[in-house]
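*Asks:* The structure's right below; bear with me while I get my questions together.
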Amino acid sequence: MIRPFGLSDILLIAEAIRWTLALSAIAFAGGAIGGLAIALARTADARWLRTLAMLFIRLFQGTPLLMQLFLAFFGMNILGLAINPWLAASLALTLHASAFLGEIWRGSIEAVPSGQREAATALGLRYYDRMTSVILPQAARISVAPTVGFLVQLIKGTSLASIIGFTELTRTGQIVNNATFAPFAVFGTVAAFYFLLCWPLSLMARRMETRFARATTR
Amino acid sequence: MSATPTPADEIAIRMAGINKWYGGYHALRDVNLEVRRGERIVICGPSGSGKSTLIRAINQLEAVQEGQIVVDGIELTAGGHNVDEVRRDVGMVFQQFNLFPHLTILQNCVLAPMKVRGTPRAEAEATARRYLERVRIPEQADKYPAQLSGGQQQRVAIARALCMNPRIMLFDEPTSALDPEMVKEVLDTMIDLAGEGMTMICVTHEMGFARAVADRVIFMDQGQIIEEAAPDTFFDAPRHERTRAFLQQIH
Ligand SMILES: Nc1ncnc2c1ncn2[C@@H]1O[C@H](COP(=O)(O)OP(=O)(O)OP(=O)(O)O)[C@@H](O)[C@H]1O
Ligand SMILES: [Mg+2]
């Protein structure tokens, strides 16, 4: 039975936004913790830590997100765990976000002038205080815009989780399309919702970028 | 070394047989230096001669591959945590000020005393205000570094270092990045400090300052200490050809 695409379908799709948001939030929160660890390892004195973090970043930047999702999904099966799209998608996207945020934040940490670290060191501040009181607050300001930029990529990236059966915005669209056979209207609606999520974030990122540029040239 | 050995407890810094390489580049060659407590030393020399490397070895901003460094009776061994002890006792002022731009002047001054020495905030702030008064900018305490002139920023940097109550102060070309009209205010602050008996090592080409406060002027070239003498002897009767050539250049 094919039913016409109507308001109830739009509402169904709209309701799925929360799963896209939930997955994005999990990946972003997990990725923030992982990314900080990666960024600190990447800028550490110990060479093995730097190398390890570099390999992690290269691995996740050098393979498609879809393959990472597949590997997490089917890897769970091999490990004897029950197949669980939620867990697989959260894991893959968290690792993915860790690598990308790690690389963004490494750049921000390295953009803080070396004199800052030297002055803090000369004052007797040790690694933890040096990072938390001097380096990271400055790196954070530099990283806000690219971080929000990556968040936009991440939200759009969650759509790939539909392929391993995670029912978020895109997959809900597919389900509605199977019932209505109105692909242009359905996926047009889905795309419009993504746009509504991402556009304000992009605007915000741009605004913060100009504000930061102004603050640093003052 | 000097003919009459100085008693150990009067020595602030002892560097013996220091060699330092950056990769294959030999930056310090067999440097020996003894600084007595309360002594004021000026180091000068051409660009790239190793002046910064030498004073940065004292608080281990640069590690050296060979030689012995003893600061305030504490021997620095590579990787040892006595480095922390030394850094607490040695203040440093940089050419580029290096104030923390995200913190106010007062916050800049209390950060290390609170985090490193565990001084309570109220006490740290009182100390900071006292030192800001001494460098004659008490009214700027709540501003951010970017709101201050270069000369003011450098005086804050001096105050910030003093807040740790150091026994030794290192200065690496503290006036080189300043507009000419601001050089004097910073030098005056340093002269005040010298008058109070602080042990000071200053890399600077300010010859007036050297004549006014230095006990000894050291000339470095190509990673070596070429000549050292009291300022009048150093400037009026340099022994070494390279010293003469250098002094001619900067006059
Ligand atoms: N991190 C480093 N890596 C490689 N070489 C370095 C490094 N730091 C300094 N050097 C080199 O070591 C030599 C001594 O440098 P140093 O900064 O101590 O000289 P300086 O006397 O302070 O010079 P300037 O008057 O220009 O400040 C220079 O040739 C410099 O290029
Ligand atoms: Mg130098």
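*Asks:* What residue, among those in segment B:30-47 that are touching a residue at least 12 places away in the same chain (Cβ under 8 Å) and within 16 Å of ligand 2 (Cβ to nearest atom), is farthest from residue B:191 (Cα to Cα)?
*Replies:* B:31
*Asks:* Which of the residues belonging to segment B:211-239 are of a type in the set (S, T, N, Q) and either more than 16 Å from ligand 2 (Cβ to nearest atom) or touching a strand residue (DSSP E or B) at 6+ places or on another chain (Cβ under 7 Å) (or both)?
*Replies:* Kept after step one, since they are of a type in the set (S, T, N, Q), are these residues of segment B:211-239: B:222, B:224, B:233.
Across segment B:211-239, the qualifying residues are B:224, B:233.
*Asks:* Still on this structure, I have one more. With the condition kept exactly as written, say whether any residue in segment B:56-70 is within 16 Å of ligand 1 (Cβ to nearest atom), farther than 30 Å from residue B:249 by Cα, part of a loop (DSSP other than H, G, I, E, B) and more than 14 Å from chain A (Cβ to nearest Cβ).
*Replies:* Yes, segment B:56-70 contains a residue that is within 16 Å of ligand 1 (Cβ to nearest atom), farther than 30 Å from residue B:249 by Cα, part of a loop (DSSP other than H, G, I, E, B) and more than 14 Å from chain A (Cβ to nearest Cβ).
*Asks:* While we're on this one: Restricting to segment B:96-133, and then to whatever is in contact (Cβ under 8 Å) with a residue 12 or more places away in the chain and basic (Lys, Arg), can you tell me which residue is farthest from the other protein chains (Cβ to nearest Cβ)?
*Replies:* The residue in question is B:129.
*Asks:* Residue check: is residue A:23 surrounded by fewer than 17 Cβ atoms within 10 Å (Cβ to Cβ) and in contact with a helix residue (DSSP H, G or I) (Cβ under 7 Å, 6 or more places away or on another chain)?
*Replies:* no
*Asks:* Another question about this same structure. For segment B:168-191, does any single residue satisfy the condition of being of a type in the set (Lys, Arg) and under 23 Å from residue A:115 (Cβ atoms)?
*Replies:* Among the residues of segment B:168-191, not one is of a type in the set (Lys, Arg) and under 23 Å from residue A:115 (Cβ atoms), which makes the answer no.
*Asks:* Next up: For the list (1) closer than 30 Å to residue A:135 by Cα; (2) away from ligand 2 (no atom under 16 Å from the Cβ); (3) among the aliphatic types (A, V, I, L, M), I need the number of the one condition that residue B:27 fails.
*Replies:* Among (1) closer than 30 Å to residue A:135 by Cα; (2) away from ligand 2 (no atom under 16 Å from the Cβ); (3) among the aliphatic types (A, V, I, L, M), the lone unmet condition for residue B:27 is (2).
*Asks:* Report the residue count in segment B:155-189 for those that are within 16 Å of ligand 1 (Cβ to nearest atom) and away from chain A (no Cβ under 12 Å).
*Replies:* Within segment B:155-189, residues that are within 16 Å of ligand 1 (Cβ to nearest atom) and away from chain A (no Cβ under 12 Å) number 5.
*Asks:* I'm checking my understanding of the structure. Among residues of segment A:113-128 that are facing another protein chain (nearest Cβ under 7 Å) and closer than 18 Å to residue B:82 by Cα, which one is surrounded by the most Cβ atoms within 10 Å (Cβ to Cβ)?
*Replies:* So, considering only residues that are facing another protein chain (nearest Cβ under 7 Å) and closer than 18 Å to residue B:82 by Cα, the one surrounded by the most Cβ atoms within 10 Å (Cβ to Cβ) is A:123.
*Asks:* Let me ask you something else. Which one of these is without any contact (Cβ under 8 Å) to a residue 40 or more places away in the chain and closer than 27 Å to residue B:118 by Cβ: B:180, B:138? Walk me through how you get there before you give the answer.
*Replies:* Values: B:180 fails: closer than 27 Å to residue B:118 by Cβ.
B:138 is the lone residue from the list that is without any contact (Cβ under 8 Å) to a residue 40 or more places away in the chain and closer than 27 Å to residue B:118 by Cβ.
*Asks:* Could you say whether any residue in segment B:21-28 is more than 9 Å from chain A (Cβ to nearest Cβ), closer than 29 Å to residue B:146 by Cβ and at pLDDT 95 or above?
*Replies:* no
*Asks:* Of the numbered conditions (1) polar (S, T, N, Q); (2) farther than 17 Å from residue A:129 by Cβ; (3) more than 9 Å from chain A (Cβ to nearest Cβ); (4) touching a residue at least 40 places away in the same chain (Cβ under 8 Å), residue B:77 satisfies every one except a single condition; which is it?
*Replies:* Only one criterion is unmet by residue B:77, namely (4).
*Asks:* Looking at segment B:98-110, is at least one residue of a type outside the set (Gly, Ala, Ser), within 16 Å of ligand 2 (Cβ to nearest atom) and under 23 Å from residue A:123 (Cβ atoms)?
*Replies:* There is at least one residue in segment B:98-110 that is of a type outside the set (Gly, Ala, Ser), within 16 Å of ligand 2 (Cβ to nearest atom) and under 23 Å from residue A:123 (Cβ atoms).
*Asks:* Suppose we filter segment A:148-205 for residues that are surrounded by 17 or more Cβ atoms within 10 Å (Cβ to Cβ) and over 27 Å from residue A:7 (Cβ atoms); how many remain?
*Replies:* The qualifying residues number 10.
*Asks:* Right, here's the next one. Checking the structure you have, find out if any residue of segment A:157-180 is within 14 Å of chain B (Cβ to nearest Cβ) and within 27 Å of residue A:104 (Cα to Cα).
*Replies:* no
*Asks:* Check whether at least one residue in segment B:196-203 is crowded, with 21+ Cβ neighbours inside 10 Å and closer than 10 Å to residue B:44 by Cβ, and report yes or no.
*Replies:* If we filter segment B:196-203 for residues that are crowded, with 21+ Cβ neighbours inside 10 Å, which is where we start, we get B:199-203.
Subset that is closer than 10 Å to residue B:44 by Cβ: B:202-203.
Yes, segment B:196-203 contains at least one residue that is crowded, with 21+ Cβ neighbours inside 10 Å and closer than 10 Å to residue B:44 by Cβ.
*Asks:* Moving to a separate point now. Within 11 Å of chain B (Cβ to nearest Cβ), out of contact with any Cys (no Cβ under 8 Å at 6 or more places or on another chain) and without any contact (Cβ under 8 Å) to a residue 60 or more places away in the chain: does that describe residue A:133?
*Replies:* So residue A:133 fits the description; yes.
*Asks:* Okay, moving on. Looking only at segment A:96-109, decide whether some residue is within 14 Å of chain B (Cβ to nearest Cβ), over 30 Å from residue B:89 (Cα atoms) and buried (at least 19 other Cβ atoms within 10 Å of the Cβ).
*Replies:* Yes; the residues of segment A:96-109 include at least one that is within 14 Å of chain B (Cβ to nearest Cβ), over 30 Å from residue B:89 (Cα atoms) and buried (at least 19 other Cβ atoms within 10 Å of the Cβ).
*Asks:* Can you confirm whether residue A:141 is charged (D, E, K, R), in contact (Cβ under 8 Å) with a residue 60 or more places away in the chain and within 14 Å of chain B (Cβ to nearest Cβ)?
*Replies:* Judged against the criteria, residue A:141 is a match.
*Asks:* Out of (1) more than 16 Å from ligand 1 (Cβ to nearest atom); (2) away from every other protein chain (no Cβ under 14 Å); (3) of a type in the set (Lys, Arg); (4) closer than 30 Å to residue B:225 by Cβ, what's the single condition that is false for residue B:136?
*Replies:* (4)
*Asks:* Look at segment A:181-191 and say how many of its residues are closer than 11 Å to residue A:13 by Cβ and in contact (Cβ under 8 Å) with a residue 60 or more places away in the chain.
*Replies:* 4
*Asks:* Does segment A:117-132 hold any residues that are in contact with a helix residue (DSSP H, G or I) (Cβ under 6 Å, 6 or more places away or on another chain) and either among the aromatic types (Phe, Trp, Tyr) or part of a helix (DSSP H, G or I) (or both), and which are they?
*Replies:* A:120, A:129, A:130
*Asks:* A further question follows. Could you tell me which of the residues B:31, B:110 is touching a strand residue (DSSP E or B) at 6+ places or on another chain (Cβ under 8 Å) and of a type in the set (A, V, I, L, M, F, W, C)?
*Replies:* From the options B:31, B:110, the qualifying one is B:31.
The values are calculated or read from the model by the stated rules, or taken from the named source; none is laboratory data. All of these numbers come straight from a predicted model, not from anything done at the bench. Positions of Cβ are backbone-derived with ideal geometry, glycine not excepted, and every protein chain shown enters the neighbour counts.
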